[in-house]
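One structure below.
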Amino acid sequence: MTNRTLQDVFGNDPDSIITIVGKNYKELVYNLELVFPGKGIYIAKQLAGNRQDSLYRNFDVYKKRGNSKKPRKIFAPVNILKRLQKILVRFAEQQFENHPCSHGFVRDRSTRTAAEQIKAVDNINERELTNIDIEGAFPAVTGKAIRNLLRRVTSRKLTPWQISIISKIACTSRDVLATGAPSSPILFNWRLTAADFEIERAFEKRNWHFVRYADDISVVHYRTQKKEAIELVMRILKRFDLKIARDKLKTFRGTLKRIVGINLQFNYLSIPRKIRRTARAVTHQLREKGLVSGNSFHKGMARFNLKKLESKTNLAKGSLEAAAAGFMAYVIHIERLLIKAVPEDMLHFYLRLSDEDRKVWESKYFRFVNS
């Protein structure tokens with residue numbers, strides 16, 4: 001049988017995930033076998049038997065936090081499950097509308113739009129900004145919460161079988177969202193949307209403001225109301241079975257504030273100084289040599305955890321260039337000082353140009369910024 005995609009068989013209808021799951025186990029097996037001959041029955045057995053962990057590749061990612069290192073467990077789905085989860089994303093996107101203050105994993109929104117929304121708050125320099133983290137992030141959302149969301153779907157009445165299997169496609173065997181699954185961000189936002197609206201209603205009465213980027217909530221309040229603001233957010237999140245990470249609370253006063261890694265100072269957005277210096281060094285090497293040296297670039301990237309590069313000696317030219325392009329695209333997106341008016345998608349083609357073409361490209365787009 002020729003290789004076929006799920007879209008070839010079931011089309012691009014957002015409700016195709018419901019068609020794939022079917023009305024019972026036999027229909028699920030039949031539909032999966034149409035696309036994955038010889039493998040569909042195995043996938044169906046794992047989902048129906050609540051053995052989804054066999055469909056993930058598990059590994060730890062260590063994120064530096066203070067003087068200690070705390071691992072984050074990543075569940076990377078196998079290709080078949082990942083394709084099912086991507087179809088689930090299309091279905092979930094049709095079921096809710098993101099709150100205007102939600103900027104993570106939302107089309108045409110980013111860390112920059114979140115910071116700009118905070119920047120627009122009246123008298124922002126005279127107020128305090130407190131950053132609150134939701135403890136656990138994706139695994140904090142349980143399968144029970146996802147099933148409750150699916151029961152409220154109004155476009156189509158879902159059967160208990162469909163609700164159960166769809167939630168298992170999204171969750172691990174521990175019945176929580178998988179960190180690493182493509183469906184987790186959209187389902188996380190779906191779960192948090194009702195909390196966003198509750199926070200907004202409570203904040204309007206007090207003339208407070210907030211934005212949320214994934215599991216990071218940034219609250220703007222008056223100087224004497226920090227404790228009240230944190231407790232209010234805690235009470236609302238508790239109704240959604242969520243907690244805040246008290247050890248990650250961070251409050252900024254005065255004219256310098258930081259939100260989702262972006263500095264806000266005197267109504268101007270900028271990247272942190274260390275990242276700015278590394279970006280300037282990368283820009284300089286791109287200008288002068290047309291290539292980023294593995295040694296210096298590795299040190300800079302490792303310091304900021306923007307890209308995990310295993311070793312200096314094993315850096316392939318292609319992966320190094322891709323990392324450089326991604327890093328510079330981030331800088332361009334946040335702060336336009338280093339490079340003027342460079343379309344983000346053009347940057348990825350820069351490193352593939354000839355030396356002569358690069359000079360033309362640089363003269364058109366690049367310029368130095370004095371310290």
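Going through segment 89-141, which GluC sites (Glu not before Pro) have at most 12 other Cβ atoms within 10 Å and a DSSP loop state? Passing sites in segment 89-141 are Glu97.
Translational diffusion coefficient of segment 86-226 at 10 °C, 1.306 mPa s, Stokes-Einstein with Kirkwood Rh over Cα pairs, in µm²/s as a whole number. D = 98 µm²/s. Close amide-amide hydrogen proximity is noted between Cys171 and no other residue 5 or more places distant or on a separate chain, at a cut-off under 5 Å (H modeled in the peptide plane; Pro and chain starts excluded). Using the average count of surrounding beta-carbon atoms within 10 Å as a protection proxy, the listed peptides 138-144, 267-273 rank, highest first, as 138-144, 267-273. Shape annotation for segment 42-136: C-alpha extents along the principal axes are 59, 42, 18 Å, from largest to smallest. Divided by 2.2 N^0.38 Å, where N counts the residues, the Cα radius of gyration of segment 148-224 comes to 1.42. Lys227 sits with roughly 150 Å² accessible to a 1.4 Å probe, with DNA, RNA and ligands left out of the calculation.
The values are calculated or read from the model by the stated rules, or taken from the named source; none is laboratory data. Note that the structure is a prediction, hence the values are computed from the model and not measured. Note that we place each Cβ from the backbone using ideal geometry, even for glycine, and neighbour counts take in every protein chain shown. Accessible surface areas use protein heavy atoms only, side chains included; no ligands, DNA or RNA. Shrake-Rupley method; radii C 1.70, N 1.55, O 1.52, S 1.80 Å.
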